[in-house]
Structure formats: structure tokens, C-alpha cells
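Here the structure is laid out as C-alpha cells; the discussion comes afterwards.
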Amino acid sequence: MNILFIILSVIGGIIALFLLIALLTKKECIIEKQVIINKSKDEVFNYVKLIRNQEKYSVWVMKDPNIKLLYAGMDGTVGFTSSWTSEDKNVGVGAQEIIAIQEGESISMELRFKKPFEATNYATTTVTALSANQTKLSNVFSGKSAFPMNIMNLFMEKLVGRDMQQNLDNVKKILEG
């Protein structure tokens, strides 16, 4: 009986610690990455606003050579949707939709994940001219998680940030060719 009590106390303590950490963790997650590209602002913007170009630089798309991509609408315009289905648990099932464009400046997306978990997040890509032939390309990912799943926000930089940076580096490599 003493061993059962000790085991239950340890399990209870672990659960209480988990809930306490979740209680103290922010519910909102924001990750920002950037890269400098030696091309004009217009050239960079015109490339990244076309969601179909993600097939060439997105590490998430490239993780699964059997991914099924479906497109709806006119690429590079508000309302354009790209949806994906993948058996790879790191890619899953979801869709992204262009929800706002500030021509030549920024593009905002709503990301709707279905598998391996359900979530709605947002991503905004911004281009800033540093000179006539040098542009800063920035990407901001944001989302909210309910308690206690907000504990995952502690790991989002590592889980998502590295891939975000790789995507930007891939765009740089393609455009600077």
C-alpha cells in the first residue's frame, strides 16, 4: 500500500508541475525570422506572394515527396487557398489562405491545421528595401493555444523557428541563384 501511495503521489506531483508550468506559460506564441536577399524589393515580393512557389522552397512541402497539394483561386491574391494532405506526421493535413496583401510590402496568411493537431495560426511575410538591390525578407508566425496545451509554446521556437529560417534561406538561394 505504501508503494502505491508513493507512485500515485509522484504521478500527481508530475501532473501538478505540468499544470503549473502551463499556467505560467504565455498563451500566445510569436516567432520572427529574417534574411537579407541581394535582389530588389519588387523582385523578392513578386516571388514570395505566389504561394505555388512554396513548392520550391518550403521545407514542409519538401519533407514529403508524395504530398498532395490543391490550389483554389488566383495565386497572389486575397482568397487564394493552398491545401495539403500528407501521410507524413511532420506535414499532416491543412490549408493556408491569403487573407491580406499590401502590394509590394506584405502578405498575410491564415494557416488552418487539421492533422496531426487542430490549430489556426497566422503568418505574415514582409519585404523591406535596404537599397535598390538589397531586401530584408521577414516572416512572423503567430498563434494562440488554450490551457494546458499552451505549454507547447515553450518548444515552438525549436519546432517551427528552424524550419522558418530554412525557408527564408531557400528563397535567398533561389533568388540570388
What are the radius of gyration and Dmax of region 78-143, computed over its Cα atoms and given in Å?
14.2, 43
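Note down the net charge around ASP64, summing +1 for each Lys or Arg and -1 for each Asp or Glu among other residues with Cβ under 12 Å from its Cβ.
With Lys, Arg at +1 and Asp, Glu at -1, the neighbours total 0.
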Around ALA132 (Cβ within 14 Å, Cβ-to-Cβ, excluding ALA132; K/R +1, D/E -1) the net charge comes to +1
Taking the 0 to 90 degree range and rounding to the nearest ten, how far is the long axis of helix 2-24 tilted relative to the main principal axis of the chain, both from C-alpha atoms?
30 degrees
Under 17 Å from a label point 7 Å along Cα→Cβ of ASN46: give me every residue in region 67-81 with its amide N that close.
75-77
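Loop-only GluC sites (Glu not before Pro) in region 101-165, please: DSSP not H, G, I, E or B, and at most 16 other Cβ atoms within 10 Å.
On the way: sites: GLU103, GLU105, GLU110, GLU118, GLU157; in loops: GLU103, GLU105, GLU118.
Answer in residue order: GLU103, GLU105, GLU118.
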Degrees separating the helix 162-176 axis from the principal Cα axis of the chain, which is the longest one:
10 degrees
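Can you figure out the FRET efficiency of ILE30 with GLU176, using R₀ = 41 Å and their beta-carbon distance, to the nearest 0.05?
Details: r = 28 Å, r/R0 = 0.68.
FRET efficiency, ILE30 to GLU176: 0.90.
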For region 2-176, place one equal point scatterer on every Cα, skip the solvent, and apply the Debye formula. What is log10 of I(q)/I(0) at q = 0.19 Å⁻¹?
-1.29
Mind checking region 91-174 for chymotrypsin sites (Phe, Trp or Tyr not before Pro) that DSSP puts in a loop (not H, G, I, E or B) and that have at most 14 other Cβ atoms within 10 Å?
PHE117, PHE155
Mind checking the full-extension length gain between ASN38 and MET149? Use 0.36 nm per residue of separation minus the Cα-Cα distance, one decimal, nm.
35.9 nm
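Counting other C-beta atoms within 10 Å, and keeping those with at most 14, which DSSP coil trypsin sites (Lys or Arg not before Pro) do you find in region 89-154? Before the final figure, lay out each step's value.
Details: sites: LYS89, ARG112, LYS114, LYS136, LYS144; in loops: LYS89.
Hits after loop and neighbour filter: LYS89.
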Once you put a point 7 Å from the Cα of THR120 and another 7 Å from the Cα of ASN133, both along the Cβ direction, what distance in nm separates them?
4.5 nm
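Values quoted throughout were computed directly from the atomic coordinates according to the rules given, and no laboratory measurement underlies them. Since the model is a prediction, treat every value here as computed from it, not as a measurement. Backbone-built Cβ (ideal geometry, glycine too); neighbour counts: all protein chains shown.
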